[in-house]
Amino acid sequence: DKGIITRDDAPYFLELLMSYDEDLRLRAWGIVSILVNKGIITVEEAKRMKNYFLDLLESEFDCIRSRAWDAVKYLIDKGVITVEEAKERKDCFLGLLASANEAARLDAWHNIGDLIDKGVITLDEARRMKGYFLELLESNREKMMWWGWRNIEDLIRKGVITRDEALHFLELLLSGNEKVRREAWYEVVYLIYEGVITVEEAKRMKNYFLE
């Protein structure tokens, strides 16, 4: 907006898009939509480099791979990559949903709604993996647990979390871990509203809330 970076700087950014340093390359691809919007590079220029981005979707490092999948929605919207190109690599994304790296796993679950909407993965594929998301709700790492709970409402809206998980959530309402229990009760109204649990089921657990 300030006019400091202009179209004259396009060669510099195009070079970054194919950097051997995956982290640097990922950062460059993360701002491609902005660079296109500002007229610094064109969609056609980005498309000619897209294989360097597609490689990141298959990176051996979960933290790189998960952050690359963050950009998929935006690059599809810009016409830089296609849904089919993303679908061809969807197994690399599905693997992230069960990653031992909780930050990468959480990031993947945060993006799942957009990828379902784009047709990159199916609702059934997401549902088959949801046990790995539910684990995050009881993570020993408080930050991971907190952000996991922040994704609950979106996953319910998408139909990933359903009435089938009622027993799991009822158990969380009486968890011996007060932080987990607090987060579960914080979401209880929404869980009832969406039919995941019933009012009567919650009422039977209310003493754990009153504590």
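The values are calculated or read from the model by the stated rules, or taken from the named source; none is laboratory data. The structure presented is a predicted model; accordingly, all values stated were derived computationally and were not measured. Neighbour counts are summed over all protein chains in view; Cβ atoms, including those assigned to glycine, are modelled from backbone coordinates with ideal geometry. These accessible areas exclude ligands, DNA and RNA; they are computed on the full protein's heavy atoms, side chains included. Shrake-Rupley method; radii C 1.70, N 1.55, O 1.52, S 1.80 Å.
What the Cβ-Cβ distance of T122 and E60 gives, at R0 = 25 Å and to the nearest 0.05, is a FRET efficiency of 0.45. Element breakdown for the range 115-202 at a 1.4 angstrom probe: carbon and sulfur atoms account for 51% of the accessible area. Principal semi-axes of the equivalent ellipsoid, √(5λ) from the alpha carbon gyration tensor of the chain, are 40, 16, 15 Å from largest down.
Over the range 51-148, accessible surface divided per residue gives 47 Å², non-protein components excluded, 1.4 Å probe. The share of accessible area on the range 4-108 that comes from carbon and sulfur is 52 percent, using a 1.4 angstrom probe.
In this simple spin-label model, placing a label point 7 Å from the Cα along the Cα-to-Cβ direction at both E142 and R182 gives a separation of 0.7 nm. Once backbone amide H atoms are built at 1.01 Å from N, R89 has no partners under 5 Å, excluding neighbours fewer than 5 places away on the same chain.
Taking every DSSP helix (H) stretch of at least 4 residues in the chain, weighting each as -39,500 (n - 2.57) and dividing the sum by the residue count yields a mean residue ellipticity at 222 nm of -17500 deg cm²/dmol.
Only lysine pairs 8 or more places apart, or on different chains, with alpha-carbon atoms under 22 angstrom apart are counted in the range 72-174, and they number 18. The slack in the chain from T6 to Y132, taken as 0.36 nm per residue of separation less the alpha-carbon distance, amounts to 40.9 nm.
Once you sort the root eigenvalues of the Cα gyration tensor of the range 141-211 as a ≥ b ≥ c, which label holds: rounded (a/c under 1.5), prolate (a/b larger than b/c) or oblate (the other case)? Oblate, because a/c is 1.5 or more while a/b does not exceed b/c. For the range 87-162, the pair-distance distribution built from all alpha carbon pairs, in bins 5 Å wide starting at 0, is 3, 18, 32, 26, 15, 5, 1 percent.
Length available on full extension from K78 to Y193: 0.36 nm per residue minus the Cα-Cα distance, which gives 37.8 nm.
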